[in-house]
1. Only one of (1) within 21 Å of residue 17 (Cα to Cα); (2) surrounded by 15 or more Cβ atoms within 10 Å (Cβ to Cβ); (3) modelled with pLDDT of 95 or more fails for residue 66. Which number is that?
2. Restricting attention to the stretch 47-58, report how many residues are surrounded by 14 or more Cβ atoms within 10 Å (Cβ to Cβ) and either closer than 14 Å to residue 19 by Cα or at pLDDT 95 or above (or both).
3. Consider the stretch 31-40. How many of its residues are over 10 Å from the mean Cα position of the chain (by Cα), at pLDDT 95 or above and within 15 Å of residue 73 (Cβ to Cβ)?
4. Quick one: in the stretch 1-27, of everything that is at pLDDT 95 or above and more than 15 Å from the chain's Cα centre (by Cα), which residue is surrounded by the fewest Cβ atoms within 10 Å (Cβ to Cβ)?
């Protein structure tokens, strides 16, 4: 991932890096939207670490130059497709930063 580089002044983000905005699908249902600068590595992380990975039957990805534009694209797709497993930017989910409680349309779940 792109890390801000510290100089003597303010934090500077070098925003000309190639990023991928990707979405993971099961049929017509979007499961997850993410952003990465190494798509192969990130998909391997999902494959080995997410219990929902077996639901994935299609991967859609787009190349985006610059981290900030990629983050905007990612947030747009999350709001548009409302993926089942995204919390950030998803109007159906949000996390209580202090209590660790996930609020969804279906109720509450303590994490």
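The values are calculated or read from the model by the stated rules, or taken from the named source; none is laboratory data. Just so it is clear, the structure is predicted and the values come from calculations on it, not from any experiment. Cβ sites come from the backbone with ideal geometry, for glycine too, and all protein chains shown count toward neighbours.
1. (3)
2. Of the residues in the stretch 47-58, 3 are surrounded by 14 or more Cβ atoms within 10 Å (Cβ to Cβ) and either closer than 14 Å to residue 19 by Cα or at pLDDT 95 or above (or both).
3. 1
4. Checking each candidate, the answer is 27.
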